[in-house]
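To start, the structure itself, in structure tokens.
The values are calculated or read from the model by the stated rules, or taken from the named source; none is laboratory data. Since we're looking at a predicted model, the values are computed, not measured. We place every Cβ from the backbone using ideal geometry, glycine too, and count neighbours over all the protein chains shown. SASA here: full protein model, heavy atoms, side chains in, ligands and nucleic acids out. Shrake-Rupley method; radii C 1.70, N 1.55, O 1.52, S 1.80 Å.
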Amino acid sequence: MSVQQNSAATLQGHVFPTELGPCMVRVQPRTRGLSAASGTPEVYLHGAAGSWTTFQALLSGMPLSGTPANDRVLIDLPGWGESTRGARLERFSIEAMARAVNGVLNALGYRRWNLVGHSMGGFLALHMAAAWPEQTASVAAISATTFSVSDACRAPLPGLYKFPSFTGMLLAMRSMAALGPAGTALVRTIATTRLMRPLMSPFFADPATIPPAVFRDLGDDARPASFSAAARAAADYDFSRWRGILCPVLAIRGDSDVFTPEPDLARLAIMVPHTRLATIPYCGHFAHIEQPEQVQQLLHELWSR
């Protein structure tokens, strides 16, 4: 493990080896006079089109006193963000990614955690809750991409009719991945142009209100090969495992979210009865960017329970 000091005084950077390659982690210590193992951290897991930075709008409005004695752990999953170099995508699976996160948390000294996952990160958080039920205190899944995404990944051609927004993005990412580094560079170039806003419009309820920097950051975070690997893993996933989840689950979606259909959350609530469903109005797939205050309130209510 190597340790780095982030420019922000409260963020400590760590790099851990995992079976999927190096994993960059940032920790914001919130405990005072306690060992890491005595606290229950908030662990943030990004989606397949992001990195830890997608949570910045959410965290900037959450005071350090909001949940006393809890650290924040912000992870760039292997294959994304600063964990891209050396990633072993040929070994990628939901199980392998979960083992990597579990190993990182154990290496940091934590024995129990609250998981906050967006999109693919929500999928991963639910898997971790099923795999380590005694260690997972709660799950907040923000626009988790689950049943419909898995179906589209398994059968993209029917998905173009049934689930066009995601399937179109999947096929575009696969095409960019086939181009190698040139594909990634192309996505980043597009992100600096006016084309990015209409291309990303399915993600947001009102794209016109989203600052250009958000689109540029999403373009910088794009990892077509990693996205494609995640899609292959989702296609073969056995969702019956989630019946073993014991902790409280909060499942959030925006009312305009085309990537997390309402029936998916209803199916999740049947499979995991102690799930609370929440739909945020005037919001798309990135609730923590479009409506961070409402997400903060929902998280506070979950952790207060």
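Brief remarks follow.
- Residues (over 19 Å from the mean Cα position of the chain (by Cα) and either within 21 Å of residue 270 (Cα to Cα) or open to solvent by less than 20 Å² (accessible area, probe 1.4 Å) (or both)) located in region 153-162: 159
- Condition check for residue 169: out of contact with any Asp or Glu (no Cβ under 7 Å at 6 or more places or on another chain), open to solvent by 10 Å² or more (accessible area, probe 1.4 Å) and within 25 Å of residue 252 (Cα to Cα): yes
- So residue 136, is it at pLDDT below 95 and touching a strand residue (DSSP E or B) at 6+ places or on another chain (Cβ under 8 Å): no
- Some residue of region 205-227 being touching a strand residue (DSSP E or B) at 6+ places or on another chain (Cβ under 9 Å) and either of a type in the set (S, T, N, Q) or not in a helix (DSSP H, G or I) (or both): yes
- Selected residue (only one of 210, 190 is surrounded by fewer than 18 Cβ atoms within 10 Å (Cβ to Cβ), among the aliphatic types (A, V, I, L, M) and at negative phi): 190
- Annotation note: Cβ proximity below 7 Å between a residue of region 113-136 that is within 11 Å of residue 241 (Cα to Cα) and a residue that is open to solvent by less than 10 Å² (accessible area, probe 1.4 Å) and assigned to a strand (DSSP E or B) (sequence gap 6+ or interchain) occurs for 126/139; 126/141; 128/115; 128/136; 129/115; 129/136; 129/139.
- Lone unmet requirement of (1) under 22 Å from residue 70 (Cα atoms); (2) open to solvent by less than 10 Å² (accessible area, probe 1.4 Å); (3) polar (S, T, N, Q) for residue 146: (1)
- Total residues in region 127-145, condition in contact with a Leu (Cβ under 8 Å, 6 or more places away or on another chain) and closer than 16 Å to residue 46 by Cβ: 5
- Count of region 265-293 residues which are of a type outside the set (Val, Ile, Thr) and closer than 21 Å to residue 201 by Cβ: 11
- Scope region 271-298; condition closer than 22 Å to residue 53 by Cα and of a type in the set (A, V, I, L, M); matching residues: 280, 287, 289, 295, 298
- Criterion violated by residue 278 - all others in (1) without any contact (Cβ under 8 Å) to a residue 40 or more places away in the chain; (2) in contact with a strand residue (DSSP E or B) (Cβ under 7 Å, 6 or more places away or on another chain); (3) open to solvent by 20 Å² or more (accessible area, probe 1.4 Å) satisfied: (3)
- Criterion: part of a helix (DSSP H, G or I) and either modelled with pLDDT of 95 or more or of a type in the set (Phe, Trp, Tyr) (or both) - qualifying residue of 277, 246, 250, 298: 298
- Here residue 290 meets the list (1) open to solvent by less than 30 Å² (accessible area, probe 1.4 Å); (2) within 20 Å of residue 209 (Cα to Cα); (3) of a type in the set (D, E, K, R) almost entirely, failing just condition (1).
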